[in-house]
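Below is one structure, written out as structure tokens; the observations come after it.
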Amino acid sequence: MDLKIYNTLTRKKEAFIPLESGKLGIYVCGITAYDRCHIGHARSAVVFDVIVRFLRKTGFDVVFVRNFTDIDDKIINRAREEGISTRELVEREIAHFYEDMDALGVKRADIEPRATEHMAEIISLIERLIKKGYAYESGGDVYFSVRKFSDYGKLSGRDLEQLMAGARIMPGEKKVDPLDFALWKGAKPNEPSWNSPWGKGRPGWHIECSAMSMKYLGETFDIHGGGLDLAFPHHENEIAQSEAATGKQFVRYWVHNGFVTIKGEKMSKSLGNFVTIKDILTRYHPEVLRLFLLSKHYRSPLDYSRESLEEATSALDRCYKALFEAQQVISMPVKKQRPLPDHIKESITFIKGLGERIKTAMSDDFNTAKALGHLFDAVRGLNRIVEASRKRPSSFYGEVLKECTREIVEASDLFGIVSENPESYIEKRNLAALEASGLSLSELQVLIDERDQARKEKDWVRADEIREDLAQKGIVLKDTPAGTKWSADF
């Protein structure tokens with residue numbers, strides 16, 4: 001497979017060559033466990049979920065590591081505000097994380113380390129940096145000396161002079177250079193702390209990811225991922241401290257997903273313009289959110305709006321409806337063996353090639369937008385086959401539709417969508433539409449019966465009046481040999 005990945009480090013698309021043939025290690029920065037996840041977190045989680053799914057489908061033996069930051073200033077401050085321990089807060093928010101991600105169909109990472117469970121590795125890495133002259137202790141704190149690492153800024157493209165312009169030493173910091181960053185923070189009253197050679201304290205944010213990723217994936221590994229906002233300073237500092245300690249390249253391919261924005265402005269908790277996953281899932285199907293998050297290339301900004309989610313809902317509906325209609329045709333016995341028309345054979349061939357087209361799109365820097373375009377083209381092809389099978393029934397359509405639906409469902413699994421039984425999905429959508437119309441099922445049946453009676457009596461005005469009134473409420477009536485059927489207008 002010719003896989004190409006855009007490498008933030010080199011700022012270009014590169015052929016992916018794993019360190020070890022057939023095997024791959026990937027580390028993705030997880031959440032800081034102090035609050036509910038918003039859809040910015042969801043984008044990173046869903047993007048890398050699909051990337052890992054794809055890498056495994058193409059034959060790689062993947063070890064996927066995603067951490068939890070479970071000690072941090074934000075955690076300490078929030079726990080203090082709520083009057084609970086940091087551990088209580090962390091356990092609650094990690095449970096919320098799993099609740100959200102399970103709902104979204106995001107698979108668990110193979111290894112999910114926490115900073116507080118890796119103090120020995122963190123302290124050992126800091127000791128290596130001090131011994132090599134890249135770090136220094138100052139009044140119980142330990143800092144990394146940025147100017148001693150000559151490659152600092154190579155990931156973000158920032159130079160030291162540019163950084164120095166906005167750098168300053170904050171009150172309470174004991175570093176000798178404004179550019180230096182904390183590896184270890186001396187204990188403060190009423191804060192969690194651990195024993196170390198420099199006294200009681202806790203790790204800085206950046207050091208934990210270096211220590212944990214190298215423990216599980218080695219001193220050099222294949223892919224490190226996360227949101228674009230982590231490229232600087234977090235990932236820049238990870239590179240500096242890791243490569244200073246080992247003398248080796250830390251990560252070979254850096255992969256960063258773009259921001260989720262609202263009206264062009266980055267969504268974040270600090271700006272207060274975020275929407276939680278929990279809130280969205282009270283109004284939308286989880287697969288709608290997944291589809292929205294994958295609708296643009298992962299490196300592009302993605303603007304959140306209600307209209308965008310409605311568009312994703314319509315797209316998901318089309319997929320399920322096509323599969324549902326195909327199932328209906330498959331279940332109907334047909335004896336006639338009419339040959340299939342040429343234009344339908346073309347649709348069948350297109351659908352059979354869906355897997356390869358998606359693989360090609362995903363191999364070009366995980367282009368989910370293009371891959372989903374192929375999926376929707378296949379759904380349109382399926383609709384053409386279903387329509388043709390109803391106009392001119394043939395026993396040949398049964399096996400053809402089984403094979404085509406199987407191809408579409410298998411392709412959809414890569415994106416974590418269309419995982420429900422189509423009949424169940426349609427039924428739930430119908431009942432939701434009925435509830436929104438303000439009618440109960442019994443009230444709807446009364447109107448259907450009244451319309452049937454009007455038609456028998458050739459009172460076409462009243463029959464049309466009932467149909468149009470229901471249509472305005474989002475309910476569509478369809479007259480069939482088996483009687484009048486209703487469905488939601490979606």
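Every read-out reported here was derived from the displayed coordinates using simple, explicitly stated rules and does not represent laboratory data. What you see is a predicted model, and the numbers here were worked out from it, not measured in a lab. FYI the Cβ positions are ideal-geometry reconstructions off the backbone, even for glycines, and counts take in every protein chain you see.
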By how many degrees, between 0 and 90 and to the nearest 10, does the Cα long axis of helix 205-217 differ from the longest principal axis of the chain?
-> 70
Any chance you could run the full-extension gain for Ala15 through Thr282? It's 0.36 nm times the residue separation minus the Cα-Cα distance, nm to one decimal.
-> 92.0 nm
Additional length obtainable on full extension of the chain from Tyr98 to Lys428, 0.36 nm per residue less Cα span | 116.3 nm
1/(1 + (r/R0)^6) with r = Cβ-Cβ of Glu219 and Ser85, R0 = 35 Å, i.e. FRET efficiency to nearest 0.05, evaluates to 0.50
Taking the Cβ-Cβ separation of Trp194 and Asn273 as r and a Förster radius of 45 Å, what is the calculated FRET efficiency to the nearest 0.05?
-> 0.80
Where does helix 119-131 land angle-wise versus the long Cα axis of the chain, in degrees 0 to 90, nearest 10?
-> 50
Determine the dipole magnitude for the stretch 307-420: charges of +1 sit on the beta-carbon of Lys and Arg, -1 on that of Asp and Glu, nothing else is charged, the reference point is the Cα centre, and the result goes in debye to the nearest 20.
-> 860
Cα centroid separation, the stretch 468-484 to the stretch 241-307 (Å) = 42
Report, in debye and to the nearest 20, how large the dipole of the chain comes out about its Cα centre when Lys and Arg carry +1 and Asp and Glu carry -1 on their Cβ.
-> 1000
So for Met119, Met101, fewest C-beta neighbours within 10 Å to most, what's the order?
-> Met119, Met101
According to the square roots a ≥ b ≥ c of the eigenvalues of the Cα gyration tensor, what is the shape class of the stretch 307-420, taking rounded for a/c under 1.5, prolate for a/b larger than b/c otherwise, and oblate for the remainder?
-> prolate
Separation of alpha-carbon centers, the stretch 1-59 and the stretch 387-411, rounded to whole Å = 35
Say each of Ala436 and Asn421 gets a label point 7 Å from the Cα, pointing the same way as Cα to Cβ; how far apart are those two points in nm?
-> 2.4
Anisotropy class of the stretch 109-214 from Cα gyration tensor, a/c 1.5 cut | oblate
Label of the coordinate-derived value, Cα Rg over 2.2 N^0.38 Å, listed as (1) 0.96; (2) 1.00; (3) 1.21 | (3)
Output the antiparallel fraction of DSSP beta bridges having both residues in the chain, as a percent to the nearest 5.
-> 55
To the nearest 10 degrees, how steep is helix 422-437 against the longest Cα principal axis of the chain, on a 0 to 90 scale?
-> 80
Placing +1 on each Lys and Arg Cβ and -1 on each Asp and Glu Cβ in the chain, then taking the dipole about the Cα centre, the residue among Ile122, Phe54, Thr484 whose Cα reaches farthest towards the positive end is Phe54
Under a point-charge model restricted to the Cβ atoms of Lys and Arg (+1) and Asp and Glu (-1), what is the dipole moment magnitude of the stretch 90-134 relative to its Cα centre, in debye to the nearest 20?
-> 420
Just for the stretch 4-294, what percent of DSSP beta bridges are antiparallel, to the closest 5?
-> 50
